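The values are calculated or read from the model by the stated rules, or taken from the named source; none is laboratory data. Owing to the predicted nature of the structure, the values given are computational and were not obtained by experimental measurement. Here the Cβ positions follow ideal geometry from the backbone for every residue, glycine too, while neighbour counts run over all protein chains shown. All accessible areas refer to the heavy atoms of the entire protein, side chains included, with ligands and DNA or RNA removed. Shrake-Rupley method; radii C 1.70, N 1.55, O 1.52, S 1.80 Å.
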There are 2 protein chains.
Amino acid sequence: MKGALIDENGNLSCRFVVPVIRGEKQEDAMARLIASAKEATQGVGPDDSIVAIGCGVPGGINTFTGVCDFASNLGWKDLPIAKILSDAFSLPCKIDNDANAAMLGEIKFGQNKQYKNAILLTLGTGIGGGIYVNDHLYVGNEGKGAEIGHMVIAANGHLCACGRHGCFETYASASALTRDTKEAIDAHPESLMAKEAGQGVKIDAALPFECAKKGDPVAQQVIDHYIEFLGVGCLNLIDIFRPEAIILSGGVSKQGENLRLPLVHYLEKMGYGFGVDKAPKVDIKISRLGADIGIYGAAALGFSLVK
Amino acid sequence: MKGALIDENGNLSCRFVVPVIRGEKQEDAMARLIASAKEATQGVGPDDSIVAIGCGVPGGINTFTGVCDFASNLGWKDLPIAKILSDAFSLPCKIDNDANAAMLGEIKFGQNKQYKNAILLTLGTGIGGGIYVNDHLYVGNEGKGAEIGHMVIAANGHLCACGRHGCFETYASASALTRDTKEAIDAHPESLMAKEAGQGVKIDAALPFECAKKGDPVAQQVIDHYIEFLGVGCLNLIDIFRPEAIILSGGVSKQGENLRLPLVHYLEKMGYGFGVDKAPKVDIKISRLGADIGIYGAAALGFSLVK
C-alpha cells in the first residue's frame, strides 16, 4: 500500500509505503495505513492544506456507500474504508476500484485532458478497466462495472478465475502472456527463449519481447498471438465505445512502442472495428504515469470531491 | 420508412409509411419521405404545434454533423439528412442510428424512465445496440459507437459481414438463430422442426421456440445454444456496464417470456457476471414498444432538442 500528497499540478510529496502483511486483520491494516499517512504528512504547513483523501482499492467497491465489499488479494471484506479514513483525518474521502481510479488519474495527471471519452486498460496479473465517457468516469451500478477484463472474447476458451471461459484477461494479461511463453518454451527447447530461460533468465511477460528483438521466431509467434487477442479486445471496446483513446498501463505496457506499434498495425488492418472507412481513428497510448499510476488515480478521486 | 406525430405522453397520430424503392436515388427517396410527412400532417392545428423532427436511420450516422455516412440496406451515402429535413420543415432536426434512437425511445416512452444506466439490444437481422449511461444516450466519437453486435465473443468463430470472426450478432441475432435452425433440421430429419418445415412452415427464428414448446428435443437444443450465446454477450455487457437493465427488442423478442426466462436463468447461474455475490442484479426486460420502437425512438431524438 502506498500514498502521497499530490497537488492540483501533480506535484508529489510526503510519499509513504505500507507493507501488506498476509493474514493481518483488516482493521489492523487500516490502522497501520493511517499511522503511516499521519507520520508522512506531519509538519505539512497551512500553505499546503490537505483538502480531501482518495483511495484506490484492488477489489469490489460499492462507490455508493464507500465500502470495500471484498478485496481477494488483501483478504478484506465489508470494510467501510471511506468512513474509516474520513473519520481518522476529518476530511472527505472517496474510494473506488483501483483501475477506475487510474482512469481518472490518466485524465487529470496523465496528459490526457483532451479526451472526453477514453478507456484505460491495466495489463497486469489480470486486466483492469477504466471507462471515461461524456467527460465523466463511468463505474456502473454501485460501482461494479468496468470489469473489462471479464469480457469474454473466446467462448469456451481458457478458464478464468471468475468462473467463465475465454475472458479477455485469460488471453491479454501479463499472466496470460507469461503462461503462453512457458508453453512455447516447453514446445520449442531449441528457441532462444528456452536457452535464456535455461540460463536463469526469469520467464515473464518481458522475455518474449526481449527474445523477439534478438530474432527468435518462437518469441515472435508468442508476441503475434498476444497482440491478436489484445487487438480483438481493443476492437470490441472500439466498436462499443468508439472512444477517442485507449490508454495502456500495467506490466506489459513497459514494452512501450514494441507493444503499441504492432497493436496499432493490427487495429488498422482490421479497419479499427466495424470495417468502416469513415469511423474516427482511436489514439492508442502508453500511460506516462508508470508505477505511480495508483497514487495519481487515488489523488484524482480525492480532487473529484473538491470543486 | 415510417413516421408519425408523437406528443410528450407518447400519443401517436398522423402515421405514414413510405415504401423503400430499390435503386432509387437517395435525394428522390428523401423527397418522397418529405412529401408523405407533409401530407400526413396537413391540417395539424396550432394546438398541436410541431416543435422538432427526429429521425432514426439504419446505418452509420455522424451525429456531430447530422450526415448519414452510409446506409448499406438503403444504398445511401454522405446524405445530410438533418439539414434536408430541417430545411424542408423549418424545424430543428436530430438524426441518429436507429438502435441509438430506440434506446432513447425506451427511456422516454417504454416505461423505463427509472433507469439511469441501461442497454438496449435489437435482436433482428443483426444485433443493434443502444447505450444509456449516467442519464444520457452514449453514442461515442462522431456517433460511431454502440456497435454492440460487433463485439467478438468467439474469436475465430463465425465470419461476420463486418470482416471479423465471432461477432455477437453471428451467434445471437434472429439470422443466426434461423441459420442454426436450418442446420439442425438438416442434421435431424426425424425432428418435429424438420417435419413442420417439410409441411411448409417457414424456417425462421420463431420455429424452434414453437417446436420446443411442443416437446421437440432438437428444437430445445437449438434454443439452449442460442440462449447460451445471448447470455455470454449479455454477461459481457453486464461486466462492462453493470447497467440497471438490459432491454430486448427486435424479432426474437416477440418470444417474450419464452426468451426472457431462460436467459435470466442462465445469467443467474453464472452469477450475473464476475461471480460476485454482492453485485447488483440487472433487470432483463422485453421492450413494450413492439414494432413501433423505431417511431418512438425517432420522436425521443426530436424531444431531446426541446428542453
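Data overview
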quantity	calculated
Those helices (runs of 4 or more DSSP H) lying entirely in the stretch B:194-307 with at least 2 residues within 14 Å of another protein chain (Cβ to nearest Cβ) and closer than 27 Å to A:Leu237 by Cα	B:217-241, B:257-269
Sole exception among (1) away from chain A (no Cβ under 14 Å); (2) open to solvent by less than 30 Å² (accessible area, probe 1.4 Å) for B:Lys94, by number	(2)
Sole exception among (1) buried (at least 24 other Cβ atoms within 10 Å of the Cβ); (2) in contact with a helix residue (DSSP H, G or I) (Cβ under 6 Å, 6 or more places away or on another chain); (3) in contact (Cβ under 8 Å) with a residue 24 or more places away in the chain; (4) away from every other protein chain (no Cβ under 14 Å) for A:Ser173, by number	(2)
Extreme residue, farthest from B:Phe89 (Cα to Cα), among residues of the stretch B:284-302 that are open to solvent by 10 Å² or more (accessible area, probe 1.4 Å) and among the small types (Gly, Ala, Ser)	B:Ser287
Test set (1) over 26 Å from B:Glu244 (Cα atoms); (2) surrounded by 18 or more Cβ atoms within 10 Å (Cβ to Cβ) - A:Asn73 fails condition number	(2)
Unmet criterion (only one of (1) closer than 28 Å to A:Ile131 by Cα; (2) surrounded by 17 or more Cβ atoms within 10 Å (Cβ to Cβ); (3) more than 14 Å from chain B (Cβ to nearest Cβ)) for A:His188	(1)
Residue match in the stretch A:14-22 (condition: in a loop (DSSP other than H, G, I, E, B), β-branched (Val, Ile, Thr) and surrounded by 14 or more Cβ atoms within 10 Å (Cβ to Cβ))	yes
Checking B:Gly149 against (1) in contact (Cβ under 8 Å) with a residue 40 or more places away in the chain; (2) crowded, with 24+ Cβ neighbours inside 10 Å; (3) in contact with a Phe, Trp or Tyr (Cβ under 6 Å, 6 or more places away or on another chain), the condition it does not meet	(1)
Single match in A:Ile50, A:Ile84, A:Ile95, A:Ile61 (criterion: touching a residue at least 40 places away in the same chain (Cβ under 8 Å) and assigned to a loop (DSSP other than H, G, I, E, B))	A:Ile50
Hits in the stretch B:117-156 (condition: more than 15 Å from A:Ile240 (Cβ to Cβ), facing chain A (nearest Cβ under 7 Å) and in contact with a helix residue (DSSP H, G or I) (Cβ under 9 Å, 6 or more places away or on another chain))	B:Ala154, B:Ala155
Qualifying residue in the stretch B:225-243 (condition: open to solvent by 50 Å² or more (accessible area, probe 1.4 Å), more than 22 Å from A:Glu147 (Cβ to Cβ), over 20 Å from the mean Cα position of the chain (by Cα) and touching a residue at least 12 places away in the same chain (Cβ under 8 Å))	yes
Whichever residue in the stretch B:36-57 is buried (at least 20 other Cβ atoms within 10 Å of the Cβ) and of a type outside the set (Val, Ile, Thr) and, among such residues, is farthest from B:Gly145 (Cα to Cα)	B:Ala37
Evaluation of A:Arg260 against (1) surrounded by 23 or more Cβ atoms within 10 Å (Cβ to Cβ); (2) touching a residue at least 24 places away in the same chain (Cβ under 8 Å) (one fails), failing number	(1)
Matching residues, the stretch B:117-132, being over 15 Å from B:Gly294 (Cα atoms) and at pLDDT 95 or above	B:Asn117, B:Ala118, B:Ile119, B:Ile131, B:Tyr132
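Yes or no, residue by residue, for (1) under 28 Å from B:Asp28 (Cα atoms); (2) of a type outside the set (A, V, I, L, M):
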{"site": "B:Gln42", "(1), (2)": "yes, yes"}
{"site": "B:Ile50", "(1), (2)": "yes, no"}
{"site": "B:Gly60", "(1), (2)": "yes, yes"}
{"site": "B:Ala71", "(1), (2)": "yes, no"}
{"site": "B:Leu85", "(1), (2)": "yes, no"}
{"site": "B:Ala102", "(1), (2)": "yes, no"}
{"site": "B:Lys113", "(1), (2)": "no, yes"}
{"site": "B:Asn117", "(1), (2)": "no, yes"}
{"site": "B:Gly124", "(1), (2)": "yes, yes"}
